[in-house]
Amino acid sequence: MPEESLLTDDVRALIGSAVPLSTVQVTRRAYQRALDVYLGEHDQGPAEGEDVPGYVIEALNSETDPPPIPALMPQSILISNEWQFERPLRMGETLEKTHRIVDISERFGGRFGYSINVRTEVALSEPGSGVVVARNVHTMTQYNAADARDGGES
Amino acid sequence: MSAPVFAALREGDELPPLELQPNLGQVIRYCALNWNFPPFFYDPEAAKAVGMPGTIVPGPLKVGLIYRAVEAWLGDAGFIRQVRAAHRRPDLTNRPITIAGRVARVYEEDGEQRADLEMAIMNQDGQPSVRGFAVVQFR
């Protein structure tokens, strides 16, 4: 465990910082790839403008790379992730992607020992209005394997 | 299986369990979907080097499998507003998992009919590898 908090003012200043990534389109190919991964199925998909399943959100990840997150500890692991939808994604629509660091917090104790949680989100919003349609949220825990204990719930 | 009806939904109602066995091919296709290829997802030796007994199922793939279980139950009755997975234990590829769920809350909010669902992925030893949560909105 470090002798003092690793959450310096510079690190705290990252909370809330947002980076526009690019625009992405919900394409038929994205739909078909996601369907293959999650259901092992193949079809032509819905017509333009119709709803697509939420897991298509993962197929939009590869279009852009998120900005790097500072590595404050030697190891990093995904502890939770989440998809949020204000409405279903629609076939053919174009959306703007924005990456944001939602929160950075530290934890003392638990299965990882001293650890730092970094919660990030990629928001998909309608161009022009900026109305958020969906969010893909990840929480990574950074930790030192030497301080962690095996198994058990956090 | 008939789609749930909001008026008939009760707290404690259980979703039909969904039994799956994610395999290495599915994991590799998931990596390709994201164009992100951490070796411990597809290389058993790389997995062992980071303390895993074998290749594991990626967390974001598992949240999608929970989504799939909810979608199979909900059908055309509504859409899934939220699905969340808190990862407790790794799931190895080619091992059976069961996705279970129950209705935790039935309510109206912002003029919409919604239900909260408690979800879990159970491994073959009966241990939860994921504690999940979902919100569905009825049409």
For region B:3-12, what are the residues that are out of contact with any helix residue (DSSP H, G or I) (no Cβ under 8 Å at 6 or more places or on another chain) and either open to solvent by 60 Å² or more (accessible area, probe 1.4 Å) or modelled with pLDDT under 95 (or both)?
B:ALA7, B:ALA8, B:ARG10, B:GLU11
Is it the case that region B:35-43 has a residue that's under 17 Å from A:ILE57 (Cα atoms) and at pLDDT 95 or above?
no
Just the residues that are within 11 Å of chain B (Cβ to nearest Cβ) and assigned to a helix (DSSP H, G or I), please, taken from region A:30-57.
A:ALA30, A:GLN32, A:ARG33, A:ALA34, A:LEU35, A:ASP36, A:VAL37, A:TYR38, A:LEU39, A:VAL56, A:ILE57
Does region A:58-80 hold any residues that are part of a loop (DSSP other than H, G, I, E, B) and out of contact with any helix residue (DSSP H, G or I) (no Cβ under 8 Å at 6 or more places or on another chain), and which are they?
A:THR64, A:ASP65, A:PRO66, A:PRO67, A:PRO68, A:ILE69, A:ALA71, A:MET73
From (1) more than 9 Å from chain B (Cβ to nearest Cβ); (2) free of Cβ contacts under 8 Å to residues at least 40 places away in the same chain; (3) open to solvent by 20 Å² or more (accessible area, probe 1.4 Å), pick out the condition that doesn't hold for A:PRO88.
(1)
Could you tell me whether any residue of region A:113-133 is at pLDDT below 95, part of a loop (DSSP other than H, G, I, E, B) and either under 22 Å from B:TRP35 (Cα atoms) or in contact with a helix residue (DSSP H, G or I) (Cβ under 7 Å, 6 or more places away or on another chain) (or both)?
yes
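In region B:4-48, what count of residues is obtained for those that are of a type outside the set (Phe, Trp, Tyr) and either away from every other protein chain (no Cβ under 12 Å) or within 27 Å of B:VAL106 (Cα to Cα) (or both)?
Selection size over region B:4-48: 23.
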Could you list, in sequence order, all residues of region B:57-89 that are surrounded by 24 or more Cβ atoms within 10 Å (Cβ to Cβ) and more than 10 Å from every other protein chain (Cβ to nearest Cβ)?
B:VAL57, B:ALA69
Identify, please: which residue in region A:91-112 is touching a residue at least 24 places away in the same chain (Cβ under 8 Å) and not in a strand (DSSP E or B) and is, among those, most open to solvent (accessible area, probe 1.4 Å)?
A:PHE108
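The values are calculated or read from the model by the stated rules, or taken from the named source; none is laboratory data. Just so you know, these numbers come straight off a predicted model, no measurement behind them. Please note: Cβ atoms are built from the backbone with ideal geometry, for glycine as well, and neighbour counts cover all protein chains shown. Just so you know, the surface numbers come from the protein's heavy atoms only, side chains and all, with ligands and any DNA or RNA stripped out. Shrake-Rupley method; radii C 1.70, N 1.55, O 1.52, S 1.80 Å.
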